[in-house]
Amino acid sequence: MPNADKNEFLMETYRQCFASKHHYDILSWSIAGGTLVFVGLIVTTILKVDIQNCCISLILKGILAVLSFGVIYAWYKIYERNRFWGEISNEVARDIERIYKVNGPSIAFMKGNFNKKIILKNTDVNGQKYNNNNPHEEKCKSDSMHKKIRLLMRCLVLLTIISVFIPTHSEPSPKGPDAVAEDQVKK
């Protein structure tokens, strides 16, 4: 491959890495939002299950809980896959930055993640300092988004489990139990 074609290929690959990372980030958050809504609907449905036979009620709630667990698990696996593809894109972008000996965004991200801090240079586009002559050190959080996603997943599972064991009872009829039985017979 001629050198000019190789450079053009690498630059297009570099651009696609960031487009890919953006795509998988948007996809992950969209699926997370859908999962939260869907699991919320399942938990609400579990709380509204009101069958007089306790065993049947518990079985129905259990089936809904298993559905909820399946949705949560699928979301987590999709999140992990998207994270994997995002990391591949980031690593390819770093490789291209290393080829051209450029300290680009992928290498800067890796350094910031590794050091758990970033240094803000506080300069304008011409390199002139703003109001302050010293760099301002900004610390990144030591916990990752991955840990927060796992915590959210566990909270959703716990919420689902708790909802299964919250008893639901019908409102007693103002007419009394005998009148309710008569109404059911008439229908």
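The values are calculated or read from the model by the stated rules, or taken from the named source; none is laboratory data. These numbers were taken from a predicted model, which means no experiment stands behind them. Quick reminder, even Gly has a Cβ in these numbers, built from the backbone with ideal geometry, and neighbours come from all protein chains shown.
Annotations for the structure displayed:
- For region 24-46, the count of residues that are under 21 Å from PHE165 (Cβ atoms), more than 20 Å from the chain's Cα centre (by Cα) and in contact (Cβ under 8 Å) with a residue 40 or more places away in the chain is at least one.
- Filter pass, ALA74 being among the hydrophobic types (A, V, I, L, M, F, W, C), surrounded by fewer than 13 Cβ atoms within 10 Å (Cβ to Cβ), modelled with pLDDT of 95 or more and closer than 30 Å to ILE166 by Cα: yes
- Against the conditions (1) at pLDDT 90 or above; (2) of a type in the set (D, E, K, R); (3) not in a helix (DSSP H, G or I), GLU91 satisfies every one except (3).
- When ILE96 is tested against the conditions (1) assigned to a loop (DSSP other than H, G, I, E, B); (2) on the phi < 0 side of the Ramachandran plot; (3) of a type outside the set (S, T, N, Q), the lone failure is (1).
- Restricting attention to region 55-71 and to residues that are modelled with pLDDT of 95 or more and among the β-branched types (Val, Ile, Thr), the residue that is farthest from the chain's Cα centre (by Cα) turns out to be ILE63.
- The single condition among (1) surrounded by 15 or more Cβ atoms within 10 Å (Cβ to Cβ); (2) farther than 30 Å from PHE165 by Cβ; (3) out of contact with any Gly (no Cβ under 7 Å at 6 or more places or on another chain); (4) not acidic (Asp, Glu) that LYS21 does not meet is (3).
- All conditions in (1) more than 27 Å from LYS111 (Cβ to Cβ); (2) part of a helix (DSSP H, G or I); (3) among the acidic types (Asp, Glu) hold for ASP50, with the sole exception of (2).
- Criterion (at pLDDT below 75, surrounded by 14 or more Cβ atoms within 10 Å (Cβ to Cβ) and farther than 16 Å from GLN16 by Cα) met by exactly one of ILE107, ILE118: ILE118
- Of everything listed in (1) surrounded by 15 or more Cβ atoms within 10 Å (Cβ to Cβ); (2) touching a residue at least 24 places away in the same chain (Cβ under 8 Å); (3) closer than 18 Å to TYR14 by Cβ; (4) not small (Gly, Ala, Ser), the single unmet condition for ASN82 is (3).
- First in region 1-18 and within 12 Å of ARG94 (Cα to Cα), second anywhere and among the acidic types (Asp, Glu), Cβ under 9 Å, 6 or more apart: TYR14/GLU97; CYS17/GLU91
- Failed item, numbered, when VAL66 is tested on (1) closer than 30 Å to THR160 by Cα; (2) in contact with a strand residue (DSSP E or B) (Cβ under 6 Å, 6 or more places away or on another chain): (2)
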